[in-house]
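Heads up: the structure comes next, in structure tokens.
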Amino acid sequence: MAALADVLRDPPKPHRDAGGQQFLMGLLPAPLTFITEHVARASATLETGCGISTVAFALTGARHWTITPAGAEFKIVQDYCRARGIATEQLTLVEAFSEMALPSLRVPPLDLVLIDGRHGFPAPFIDWYYTAARLKCGGYLVVDDTWLWSCQMLRDFLLAQPQWAFVTEYEQRTAVFKKLADGAESAEWIDQPLVARGGRAKWIDGRLQIDAPARLTARAIAGKVARRLGLR
């Protein structure tokens with residue numbers, strides 16, 4: 001049976017460019033190694049996206065769900081695994097946009113979640129929002145492509161949340177977090193440090209305070225609306 005080293009030497013190429021040529025993009029060797037070292041046969045895992053990471057999950061023998069709208073990638077991964085004796089019976093392949101599939105997807109409590117599907121805003125946040133509560137406390141979240149703003153903002157948000165502990169980041173591209181407690185995804189903005197300190201509104205001594213520029217802007221907008229309606 002193949003090992004991760006074998007896969008890295010001869011990886012699958014499940015993606016296609018505009019000319020139809022197959023190529024590989026996906027996790028680097030270090031985060032792939034993290035996955036295989038922290039996922040066991042008894043684990044339950046989920047990823048958004050499909051590729052070499054799907055093969056890595058298959059190597060562990062864990063129950064694994066992968067979600068992508070690019071269903072052609074599933075066959076390439078399955079054929080690749082079959083040719084190398086990698087079992088795929090534990091893989092559940094969901095062909096759909098993750099924001100459509102995740103709300104109703106039935107999965108057991110998860111040990112590891114990989115967010116590596118669509119990267120346009122707000123897709124990474126949606127993937128995190130619908131998987132955060134399903135991840136066990138003590139489980140791991142892997143966020144790939146943190147060099148992109150949408151994924152970087154998710155990483156920065158989690159860095160500030162007390163419910164999540166930063167574990168490592170590989171080559172400033174793939175961040176790993178450990179879930180410590182539930183609730184970050186359902187917290188109000190005053191309990192989300194990055195949100196609370198990032199805007200012009202602050203919660204100080206139990207009162208909402210809005211800085212002067214924000215108040216002036218709000219007044220200017222209100223005045224323009226009033227003038228258009230003939231109220232001023």
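Net charge near LEU102: determine it from the other residues with C-beta under 15 Å of the C-beta of LEU102, scoring Lys and Arg +1 and Asp and Glu -1. Please report the intermediate quantities before stating the final value.
Details: positive: ARG106, ARG118, ARG134; negative: GLU47, GLU95, GLU99, ASP116, ASP127, GLU185.
Every neighbour counted, the sum reads -3.
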Within-12-Å neighbourhood charge of ASP79 [Cβ basis; K, R +1; D, E -1]: +3
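If packing is taken as the mean number of other Cβ atoms within 10 Å per residue, what is the order of 199-209, 38-48, highest first?
Working: 199-209: 10.2, 38-48: 19.9.
Order by mean packing, descending: 38-48, 199-209.
Rounded to the nearest 500, what is the chain's calculated 222 nm mean residue ellipticity when only DSSP H runs of at least 4 contribute -39500 (n - 2.57) each, over all residues? The partial results should precede the final answer.
On the way: 9 runs with 86 residues, N = 232.
Taking each H run of at least 4 residues, the total per residue is -10500 deg cm²/dmol.
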Nearest 10 degrees, 0 to 90: helix 149-160 Cα axis against the chain principal axis: 80
Whole-number percent relative contact order across segment 4-198, with pairs defined as alpha carbons under 8 Å at least 6 apart: 16
Using alpha-carbon coordinates, inclination of helix 72-83 to the longest axis of the chain, degrees: 30
Unit charges at the beta carbon, dipole of the chain: most positive-side option, LEU135, GLN161, CYS50: GLN161
Aspartates and glutamates with Cα under 14 Å of LYS202, excluding same-chain neighbours fewer than 8 positions away: GLU188, ASP191, ASP211
Peptides 174-180, 74-80 ordered by average Cβ neighbours within 10 Å, highest first: 174-180, 74-80
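Among CYS81, CYS137, which comes first, then next, by fewest other beta-carbon atoms within 10 Å?
Values: CYS81 20, CYS137 11.
By the 10 Å Cβ count, ascending: CYS137, CYS81.
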Derived scalar couplings ³J(HN,Hα) [segment 41-47; Karplus, 6.51 cos²θ - 1.76 cosθ + 1.60; whole Hz; x for Gly, Pro]: 4, 7, 6, 10, 9, 8, 9
Lysines with Cα under 27 Å of LYS136, excluding same-chain neighbours fewer than 8 positions away: LYS178, LYS179
Amide H within-cut-off set for GLY139, under 5 Å, with H built and near neighbours excluded: LYS179
Sequence ranges 29-35, 191-197, ranked by mean other-Cβ count within 10 angstrom, highest first: 29-35, 191-197
Distant alpha-carbon pairs in the chain (separation over 21 angstrom), percent: 60
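What is the sum of charges, Lys and Arg at +1 and Asp and Glu at -1, for the other residues whose Cβ falls under 14 Å from the Cβ of ASP10?
Values: positive: ARG9, LYS13, ARG84; negative: ASP6, ASP79.
Within the 14 Å Cβ shell, the charges total +1.
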TRP189-SER150 pseudo-label distance in nm [points 7 Å out on the Cα-to-Cβ vector]: 2.2
Sequence-distant residues sharing a close amide H with TRP164 (under 5 Å, placed H): LEU180
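Every read-out reported here was derived from the displayed coordinates using simple, explicitly stated rules and does not represent laboratory data. This is a predicted model, so every value here is computed, not measured. In this analysis, Cβ positions are derived from the backbone assuming ideal geometry, glycine residues included, and neighbour counts consider all displayed protein chains.
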